[in-house]
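The values are calculated or read from the model by the stated rules, or taken from the named source; none is laboratory data. Predicted, not measured: the structure shown is a model, and the values here were computed from it. Backbone-built Cβ (ideal geometry, glycine too); neighbour counts: all protein chains shown. Ligands, DNA and RNA are excluded from the accessible area calculation, which covers all protein heavy atoms including side chains. Shrake-Rupley method; radii C 1.70, N 1.55, O 1.52, S 1.80 Å.
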Amino acid sequence: MPPNSFRDELLAEIKSLRAFAISLSGSMSFADDLVQETILRAWAKWEMFQPGTSMRGWLFTILRNIYYSNYRKRSREVQDSDGVYASRLSVSGDQESHLALEDFRKALSKLSAEQREVLMLVGAGGLSYQEAATICQTEVGTIKSRLSRARSRLIEIMELEKGVFDRMDHFPTESQT
Amino acid sequence: MQPVLGAAVRTKTSGMNAGQDGEATDVAIDPKTLEALGEALKAHYGDLIRAPLPDRFFELLARLEDKERRLSRPIEKRDASE
């Protein structure tokens, strides 16, 4: 049986795991199934986890593998690109910030899963290039070029959708430190 | 939050000559735009992180632990020291 420390660490990462799953799949319902499967697999393979290494990294790798092998095709058909997940999730901020976030999410949903994941891991999640490369089972150089392309593409999409950048001033700012 | 964006901007300026054949790079991205993008990503992620977790995950973990406990009993019999 996994030790309590394993259970506690796992529990502490579920929120970020879910945030990653939503970003990757673009769908709330898929994300939760994805997280559930990840928890099951992590639990079954707990002995594979090396204490002292990053639980988050380990879980993200598992989730990502499940996503690319089982979910990718399905979730492409059922993307919440109409902002369903945004309206269900947003618990903070005013109307303007809702709109700004929703626009941003629509733009994100137009990227490939590889681009979204690198933006989430490095751009939002604050992981290093090396950590992101380990999770994505690739080279640091690949992560850098994916990130660069993802940024350019995202900006391109947002420039087409006029006004997205103007509304960015209204983003909720609680996350700022 | 770590200064991810700052690091990204530095990476870009050192890679000025990459992608001359029209391949997408963000060499031309103005730092302010890049910063706005970083803030947007953080706002998006922060919003996801703040969302309350559905009960199903806690229930799942409780079920898993319960199952382990029940399964581990017969094994303990084999090991008299336990």
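Observations on the model:
- Yes/no for residue B:62 being at pLDDT 85 or above and more than 7 Å from every other protein chain (Cβ to nearest Cβ): yes
- Segment A:80-137, subset assigned to a helix (DSSP H, G or I) and β-branched (Val, Ile, Thr), residue modelled with the lowest pLDDT: A:84
- First in segment A:97-117 and over 22 Å from residue A:148 (Cβ atoms), second anywhere and β-branched (Val, Ile, Thr), Cβ under 6 Å, 6 or more apart: A:103/A:164
- Contacts under 7 angstrom Cβ, first residue in segment A:134-154 being within 14 Å of chain B (Cβ to nearest Cβ), partner surrounded by fewer than 16 Cβ atoms within 10 Å (Cβ to Cβ) and in a helix (DSSP H, G or I), 6 or more apart: A:140/A:130; A:144/B:11
- Each residue in segment A:1-59 was checked for being at the interface with chain B (Cβ under 9 Å from one of its Cβ atoms), outside any helix (DSSP H, G or I) and surrounded by fewer than 17 Cβ atoms within 10 Å (Cβ to Cβ), and 1 of them qualify.
- Cβ-Cβ under 7 Å pairs, at least 6 apart or on other chains, segment A:8-33 side within 19 Å of residue A:122 (Cβ to Cβ) and without any contact (Cβ under 8 Å) to a residue 12 or more places away in the chain, far side open to solvent by 10 Å² or more (accessible area, probe 1.4 Å) and in a helix (DSSP H, G or I): A:15/B:49
- Residue in segment A:112-132 that is under 16 Å from residue B:37 (Cβ atoms) and open to solvent by 30 Å² or more (accessible area, probe 1.4 Å) present: yes
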